[in-house]
Amino acid sequence: MRKPLVAGNWKMNGTSASNALLLGKILAQKNTFISAEVAIFPSAVYLQQVQMALQGSGLSWGTQNLSQFRQGAYTGEISAAMLKDFGCKYVLIGHSERRCLYAELDLDQNVLDNIVAEKYEMALSEGVTPILCIGETPEEHATGQTEEVVARLLDILINKNGAKALAQTVLAYEPVWAIGTGKSASPEWAQEVHSFMRERLAKHDPATAESIQILYGGSVKGDNAAPLFSMPDIDGGLVGGASLDAVEFVKICQAACS
Ligand code: PGA
């Protein structure tokens with residue numbers, strides 16, 4: 001039985017004051033979503049604030065990115081060891097907003113997926129669980145390439161470290177056309193893609209395929225979370241905009257429990 005996970009990606013939002021308020025409101029309701037796992041991903045400068053607030057609460061925290069390098073002269077980067085130092089349980093890797101920035105440097109998606117795989121190895125080496133994001137762009141969606149896109153990353157990961165290594169990993173299907181647009185994928189569409197991902201893994205390692213959590217991300221809100229999470233292969237959500245609103249976010253966490 002897979003435990004549902006709700007991850008709140010705050011992106012580049014928040015101040016010390018607004019974070020304290022938001023965390024306080026979420027924590028006040030934590031007894032209403034006890035059977036779900038909940039993790040918060042603040043901007044890295046607020047990591048210690050979030051750690052202090054959530055320590056001992058049962059909620060987890062992490063960052064929105066990490067470096068593929070271990071340490072040294074990488075200005076502006078954050079290492080896996082630093083995440084460990086601040087008690088991070090999870091780290092987001094390969095978010096489409098990161099991919100878009102890299103794409104400006106003319107890297108193709110294959111190269112990007114290989115960087116994602118390097119970051120994934122780095123996170124695992126420090127015992128931080130990677131949440132690996134993948135999803136098709138509007139163009140890829142229109143031309144029916146969804147399965148190809150998600151399979152490409154899965155195959156790179158499996159070829160690098162074997163399917164077993166994915167047992168310590170969370171996958172997030174995030175169609176780019178649904179992120180921040182208010183147009184969530186339908187539960188049926190998301191279910192189909194999640195089941196495709198699980199089946200692809202099952203060909204290599206059925207046990208890992210059965211145990212791995214696969215989250216859906218892209219305009220998850222309080223009122224569409226329950227039908228999405230009720231699908232057999234959707235194990236929770238990666239939530240952007242709605243994670244900044246305590247009422248919405250708590251509703252989503254509660255939906256993961258039902
Ligand atoms: P959204 O973002 O919920 O605002 O669509 C999801 C994400 O980017 O992880």
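The values are calculated or read from the model by the stated rules, or taken from the named source; none is laboratory data. Just so it is clear, the structure is predicted and the values come from calculations on it, not from any experiment. We place every Cβ from the backbone using ideal geometry, glycine too, and count neighbours over all the protein chains shown. What goes into the accessible areas is simple: the full protein's heavy atoms, side chains included, and nothing from ligands, DNA or RNA. Shrake-Rupley method; radii C 1.70, N 1.55, O 1.52, S 1.80 Å.
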Practice prompt. List every residue pair whose Cβ atoms lie under 7 Å apart, where the two residues are 6 or more positions apart in sequence or sit on different chains, the first residue falls within the range 228-242 and is at negative phi and modelled with pLDDT of 95 or more, and the second residue, located anywhere, is of a type in the set (Gly, Ala, Ser) and open to solvent by 20 Å² or more (accessible area, probe 1.4 Å).
Written response: Asp233/Ser195; Gly240/Gly180; Gly241/Gly180
Worksheet item: With respect to the numbered conditions (1) away from the ligand (no atom under 16 Å from the Cβ); (2) of a type in the set (Ser, Thr, Tyr); (3) crowded, with 17+ Cβ neighbours inside 10 Å; (4) farther than 25 Å from Gly127 by Cα, which one is the sole condition not fulfilled by Ser195?
Response: (3)
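Just to be sure, is Ile34 surrounded by 14 or more Cβ atoms within 10 Å (Cβ to Cβ), out of contact with any Asp or Glu (no Cβ under 7 Å at 6 or more places or on another chain) and over 28 Å from Leu112 (Cβ atoms)? Quick ask: steps written out before the conclusion?
Values: surrounded by 14 or more Cβ atoms within 10 Å (Cβ to Cβ): no; out of contact with any Asp or Glu (no Cβ under 7 Å at 6 or more places or on another chain): yes; over 28 Å from Leu112 (Cβ atoms): yes.
No: the conditions fail for Ile34.
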Practice prompt. State whether one or more residues within the range 173-188 are assigned to a strand (DSSP E or B) and within 16 Å of the ligand (Cβ to nearest atom).
Written response: yes
Worksheet item: What are the residue pairs meeting all of these: first residue in the range 114-143, first residue within 20 Å of Leu238 (Cα to Cα) and without any contact (Cβ under 8 Å) to a residue 60 or more places away in the chain, second residue of a type in the set (Gly, Ala, Ser) and crowded, with 22+ Cβ neighbours inside 10 Å, Cβ atoms under 6 Å, and 6 or more apart or on different chains?
Response: Val116/Gly94; Ala123/Ala80; Pro130/Ala123; Leu132/Gly94
Fill in: Count of the range 166-192 residues which are buried (at least 17 other Cβ atoms within 10 Å of the Cβ), aliphatic (A, V, I, L, M) and under 26 Å from Glu118 (Cα atoms)
6
Worksheet entry | Answer residue from the range 76-96, given it is at pLDDT 95 or above and hydroxyl-bearing (Ser, Thr, Tyr) and is nearest to Leu157 (Cα to Cα) among those | Tyr90
Practice prompt. Looking at (1) in contact with a Ser or Thr (Cβ under 8 Å, 6 or more places away or on another chain); (2) crowded, with 22+ Cβ neighbours inside 10 Å, find the lone condition where Asn224 falls short.
Written response: (2)
Practice prompt. List every residue pair whose Cβ atoms lie under 7 Å apart, where the two residues are 6 or more positions apart in sequence or sit on different chains, the first residue falls within the range 6-26 and is more than 15 Å from the ligand (Cβ to nearest atom) and open to solvent by 70 Å² or more (accessible area, probe 1.4 Å), and the second residue, located anywhere, is assigned to a loop (DSSP other than H, G, I, E, B) and modelled with pLDDT under 95.
Written response: none
Worksheet entry | Residue count, the range 79-96 (criterion: open to solvent by less than 20 Å² (accessible area, probe 1.4 Å) and either part of a helix (DSSP H, G or I) or touching a His at 6+ places or on another chain (Cβ under 7 Å) (or both)) | 3
Worksheet item: Would the range 56-65 turn up any residue that is at pLDDT 95 or above, under 16 Å from Lys11 (Cβ atoms) and in a loop (DSSP other than H, G, I, E, B)?
Response: yes
Response to the item:
The residue that is farthest from the ligand (Cβ to nearest atom), considering only those in the range 226-255 that are among the polar types (S, T, N, Q) and in contact with a Phe, Trp or Tyr (Cβ under 8 Å, 6 or more places away or on another chain), is Gln254
